[in-house]
Amino acid sequence: MSINKYEVFLKVVELGSLTKAAEVLGFTQSGISHTISSLESEFGFSLLVRNRSGVKLTVNGEQVLQPIREILKWNEQLKQAVADIHGLEIGTITIGTFTSVSVHWLPGMIKQFQSEYPHIEFKLLEGSYLEIEQWIEGGVIDCGFISLPTREKFEVFPLKKDRMLGIVSLEHPLSKEPFLSWAQMADEDFIVQKTGSDYDIRRVLEKAGIKPKIKFSAGDDYAIMAMVEKGLGISILPELVLKRQNHNITALELEDRSFRSLGIAVNSMKYASPATKRFLKHVQSWLELNP
């Protein structure tokens, strides 16, 4: 069975479209369709249901999706191991990340890493903490940035303690305060992150024993800052998110200093690819030099 067919199949599933997969892979749509049909013939059952909105997995397709991911993962590791023996540095690292890390850490990390290993490629998948944990467990990504604690089965490398800060608009009376008290927060309309990305905020609130008046939920940190700027409420965000932001907001220390603990995790270091192992070491050393 052809590895190329598996790669085509996964790309179609990832994009949900034969046409989009053809564009990304540089094939014709008929070529993609023929490849999927050939794979279905080999397996003896249908893998995809085609409709006007795109494609979706059949029940049988769902059952073989994870084994196919595993085969491609091991094939990638085999290529990297062979290259390693020959003294070459090649491969692809797929990383799960979220906004603040994507904006403030990864560009510098990747640039410096590629100065030493220019032939190693990166794929970035952005999601919530929950999605990143699921991607690590499912083998969709090689490693992922997460907020600790995370699942016990993962191998985790703690990276940094990131302060949690209250944010209010510059026009808000609280912007002149030396810190944001829990009592003050309880009286204000509150803007929270979407479910799956709100663990850090909820930990702070639960620790303080307060239930704020949640007025809005936003899926993006920068959307929250924009809403706070317009006086729609106050919020709590990590210090890393607030770096180099240009919104008219004030960041305040909380009544009790609170932090989120950031780390990077893999399912198993034993089975991590050579490129992934190199990158994990690089991440830790980069943060020591760029605290």
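What do you reckon, is Ile3 under 18 Å from Leu65 (Cβ atoms), surrounded by 16 or more Cβ atoms within 10 Å (Cβ to Cβ) and β-branched (Val, Ile, Thr)? No: the conditions fail for Ile3.
Selection over segment 75-119 of residues that are in contact with a Pro (Cβ under 8 Å, 6 or more places away or on another chain) and on the phi > 0 side of the Ramachandran plot gives a count of 1. Taking the conditions exactly as written (assigned to a strand (DSSP E or B) and exposed (fewer than 14 other Cβ atoms within 10 Å of the Cβ)), does Pro158 satisfy them or not? Against the criterion (assigned to a strand (DSSP E or B) and exposed (fewer than 14 other Cβ atoms within 10 Å of the Cβ)), Pro158 qualifies.
Scanning segment 162-218 for residues that are of a type in the set (S, T, N, Q) and either touching a strand residue (DSSP E or B) at 6+ places or on another chain (Cβ under 9 Å) or within 19 Å of Gly231 (Cβ to Cβ) (or both) yields Ser169, Ser175, Ser181, Gln184, Gln193, Thr195, Ser217.
Of the set (1) surrounded by 13 or more Cβ atoms within 10 Å (Cβ to Cβ); (2) assigned to a helix (DSSP H, G or I); (3) among the hydroxyl-bearing types (Ser, Thr, Tyr), all apply to Ser46 but (2).
Condition check for Phe9 on (1) open to solvent by 70 Å² or more (accessible area, probe 1.4 Å); (2) at pLDDT 90 or above: one failure, at (1).
Of everything in segment 14-26 that is buried (at least 20 other Cβ atoms within 10 Å of the Cβ) and within 18 Å of Leu65 (Cβ to Cβ), the residue that is nearest to the chain's Cα centre (by Cα) is Ala21. May I ask you to verify whether Lys270 is in contact (Cβ under 8 Å) with a residue 40 or more places away in the chain, basic (Lys, Arg) and out of contact with any Leu (no Cβ under 8 Å at 6 or more places or on another chain)? Taking the combined requirement at face value, the residue does not satisfy it.
Scanning segment 198-255 for residues that are over 20 Å from the mean Cα position of the chain (by Cα), of a type in the set (Asp, Glu) and under 28 Å from Ile132 (Cα atoms) gives a single hit, Glu206.
If I filter segment 174-195 for residues that are under 24 Å from the mean Cα position of the chain (by Cα), at positive phi and not charged (D, E, K, R), do I get at least one hit?
no
Exactly one residue among Val55, Val13 is touching a residue at least 40 places away in the same chain (Cβ under 8 Å), closer than 25 Å to Phe145 by Cβ and not basic (Lys, Arg), and that residue is Val13. With a requirement of 3 or more residues that are open to solvent by 50 Å² or more (accessible area, probe 1.4 Å), the helices (runs of 4 or more DSSP H) lying completely within segment 178-232 that satisfy it span 199-208. If you go through segment 9-43 and keep only what is assigned to a loop (DSSP other than H, G, I, E, B) and in contact with a strand residue (DSSP E or B) (Cβ under 7 Å, 6 or more places away or on another chain), you end up with Gly16, Ser17. Look at Ile36 and say whether it is closer than 20 Å to Val140 by Cα and either loosely packed, with under 13 Cβ neighbours inside 10 Å or aliphatic (A, V, I, L, M) (or both). Taking the combined requirement at face value, the residue does not satisfy it.
The values are calculated or read from the model by the stated rules, or taken from the named source; none is laboratory data. Remember, it's a predicted structure, so these values are computed and weren't measured experimentally. Heads up, the Cβs are rebuilt from the backbone with ideal geometry, glycines too, and the neighbour counts pull from every protein chain shown. In case anyone asks, the SASA skips ligands and DNA or RNA and just uses the protein heavy atoms, side chains included. Shrake-Rupley method; radii C 1.70, N 1.55, O 1.52, S 1.80 Å.
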